[in-house]
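What follows is a short report on a single structure.
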Amino acid sequence: MLFVEQLDILVVASEDCNVYLWGFDENAMDELRLSVPGGNDMFATMEDDAVTNRVAGFTCKKVLNKHSLCVTGIAMICDVSDDNYCYLISCGADRRLCLWDLHQGSLVGIYCDEAGNEAASEESITDIAYAPSRKEFAYSSADRLVYIRKFSKNVEEWTLVHVLQGHESEVSHVIWNSVCQMWVSGSDDCTLRTWSVKPNYNYLDMVTSVTDTQCPITALTCDVLNGSIIAGLQDVIRVYEPETMKQIQNTPRTPRLREGPPARPGAAAVHQHLLGLQYLDMERVQLQAYRH
């Protein structure tokens, strides 16, 4: 799930093969203004109608439906310096990569290889992330690999830049750590791997590390302030220092999170689990990690 601030929409990937775009209910906002004496004048004085938006709530604006199996990941690509464009890449268990124009809520294209096949990997795609500084996106797969492609508005120009190899089981998660300029991947082989590459350098100069977590990765994110890597591991949340991958914190999850997916959840369940991890525990964990 992603919130696109530029468009005030919430993007939600679902196991029912769809991507849902939720936005503020404009009709309810208008009714709210009219129902309050002097409402138009009152709300006009409030910045961006923030209060009206919160009261009116969200409604489903669009349903994006080009996947044939559950949608396992979404990545947002927005650039205010280039025509203020805002795109979304979705990936799924069907091995498809779809590019969407979020302004229009429409499909731009589906990636195909030279033979015309829509499969972007050998097995199901499990996650996707975008690196703005390199204008590249990476997606992990059940085939134990992480694929990195150059982003373009034309899906035919999604050139394969590199393939990250080393995991011995399904790669369930991949993220871009913008603070440390590195890709981070998590796998069912009970390891976290970092793939660090300097700006404007190619992947031949990449520096890698492997961290044994002793159990599969069920959620993965990073602190946007100090780059700390935060991983969900069944019944705990661990925080790692990004340069050395030294564990700096070990936090038990809440009972609510323990009621989530099993030890080896499906891709959609993992996605829901990640949402719970981010919104229930991440703020507390990140603040504590930052103090270290």
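Please enumerate the residues belonging to the range 167-184 that are polar (S, T, N, Q) and more than 12 Å from E243 (Cα to Cα). Let's see the steps before the verdict.
Kept after step one, since they are polar (S, T, N, Q), are these residues of the range 167-184: 169, 172, 177-178, 181.
Of everything in the range 167-184, those that are polar (S, T, N, Q) and more than 12 Å from E243 (Cα to Cα) turn out to be S169, S172, S178.
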Which ones in the range 105-139 are closer than 29 Å to C180 by Cβ, touching a strand residue (DSSP E or B) at 6+ places or on another chain (Cβ under 6 Å) and not charged (D, E, K, R)?
Y111, A120, S121, I125, T126, I128, A129, Y130, A131, F137, A138, Y139
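Within the range 196-209, which residues are surrounded by 15 or more Cβ atoms within 10 Å (Cβ to Cβ) and under 18 Å from E136 (Cα atoms)? I'd like the intermediate steps shown before the answer.
At the first step, the residues of the range 196-209 found to be surrounded by 15 or more Cβ atoms within 10 Å (Cβ to Cβ) are 196-197, 206, 209.
Scanning the range 196-209 gives S196, V197, M206.
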So D212 passes all but one of these: (1) buried (at least 16 other Cβ atoms within 10 Å of the Cβ); (2) modelled with pLDDT of 95 or more. Which condition number does it fail?
(1)
Exactly one of these conditions fails for K135: (1) modelled with pLDDT under 95; (2) over 20 Å from the mean Cα position of the chain (by Cα); (3) surrounded by fewer than 21 Cβ atoms within 10 Å (Cβ to Cβ). Give me its number.
(2)
Per the list (1) charged (D, E, K, R); (2) closer than 27 Å to W100 by Cβ; (3) exposed (fewer than 13 other Cβ atoms within 10 Å of the Cβ), residue check on E170 breaks on (3)
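Check whether at least one residue in the range 69-76 is of a type in the set (A, V, I, L, M, F, W, C), assigned to a loop (DSSP other than H, G, I, E, B) and surrounded by fewer than 18 Cβ atoms within 10 Å (Cβ to Cβ), and report yes or no. If you could, list the steps in order and put the result at the bottom.
First pass over the range 69-76, keeping only residues of a type in the set (A, V, I, L, M, F, W, C): 69-71, 74-76.
Subset that is assigned to a loop (DSSP other than H, G, I, E, B): 69-70.
Then keep just the ones that are surrounded by fewer than 18 Cβ atoms within 10 Å (Cβ to Cβ); that gives 69.
Checking the range 69-76: at least one residue is of a type in the set (A, V, I, L, M, F, W, C), assigned to a loop (DSSP other than H, G, I, E, B) and surrounded by fewer than 18 Cβ atoms within 10 Å (Cβ to Cβ).
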Failed item in (1) touching a strand residue (DSSP E or B) at 6+ places or on another chain (Cβ under 6 Å); (2) closer than 17 Å to I217 by Cβ, with E168 passing the rest:
(1)
Conditions (1) touching a residue at least 60 places away in the same chain (Cβ under 8 Å); (2) closer than 28 Å to S68 by Cβ: number failed by R134:
(2)
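Only residues that are of a type in the set (S, T, N, Q) and over 16 Å from W158 (Cβ atoms): list them for the range 69-108, please. So that I can check it myself, show each step before the final result.
If we filter the range 69-108 for residues that are of a type in the set (S, T, N, Q), which is where we start, we get 72, 81, 84, 90, 104, 106.
Matches in the range 69-108: T72, S81, N84, Q104, S106.
I need the full set of residues from the range 173-190 which are in contact with an Asp or Glu (Cβ under 6 Å, 6 or more places away or on another chain) and more than 13 Å from C222 (Cα to Cα), in order please. Let's see the steps before the verdict.
The initial filter retains those residues of the range 173-190 that are in contact with an Asp or Glu (Cβ under 6 Å, 6 or more places away or on another chain), namely 173-174, 188-189.
Matches in the range 173-190: D188, D189.
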If you go through the range 149-183, how many residues are over 20 Å from C86 (Cα atoms) and touching a residue at least 24 places away in the same chain (Cβ under 8 Å)?
18
Determine the pairs where a residue that is modelled with pLDDT of 95 or more, located within the range 104-124, has a partner that is among the small types (G, A, S) and surrounded by 14 or more Cβ atoms within 10 Å (Cβ to Cβ) with Cβ atoms under 6 Å apart, the partner being 6 or more residues away or on another chain.
Y111/A120; S121/S141; E123/S141; E123/A142; S124/A93; S124/A142
Do you know which of the residues in the range 77-110 that are farther than 15 Å from L21 by Cβ and among the small types (G, A, S) is surrounded by the most Cβ atoms within 10 Å (Cβ to Cβ)?
G92
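Within the range 90-130, track down each residue that is in contact with a helix residue (DSSP H, G or I) (Cβ under 9 Å, 6 or more places away or on another chain) and either part of a strand (DSSP E or B) or within 19 Å of E15 (Cα to Cα) (or both).
Of everything in the range 90-130, those that are in contact with a helix residue (DSSP H, G or I) (Cβ under 9 Å, 6 or more places away or on another chain) and either part of a strand (DSSP E or B) or within 19 Å of E15 (Cα to Cα) (or both) turn out to be G92, A93, L97, C98, L99, V108, G109, I110, S124, I125, T126, D127.
Tally the residues that are aliphatic (A, V, I, L, M) and in contact with a Cys (Cβ under 9 Å, 6 or more places away or on another chain), restricting the search to the range 143-158. Steps first, please.
As a first pass, look at the range 143-158 and keep what is aliphatic (A, V, I, L, M): 145-146, 148, 155.
Remaining after also requiring in contact with a Cys (Cβ under 9 Å, 6 or more places away or on another chain): 155.
The total comes to 1.
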Wholly within the range 154-252, strands (runs of 3 or more DSSP E) carrying at least 3 residues that are under 21 Å from the mean Cα position of the chain (by Cα)
160-164, 171-177, 182-187, 191-196, 219-222, 229-233, 236-240
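The values are calculated or read from the model by the stated rules, or taken from the named source; none is laboratory data. From a predicted model like this one, the values you see are computed outputs, not experimental measurements. Positions of Cβ are generated from backbone atoms using ideal geometry, with glycine treated the same way; all protein chains shown enter the neighbour counts.
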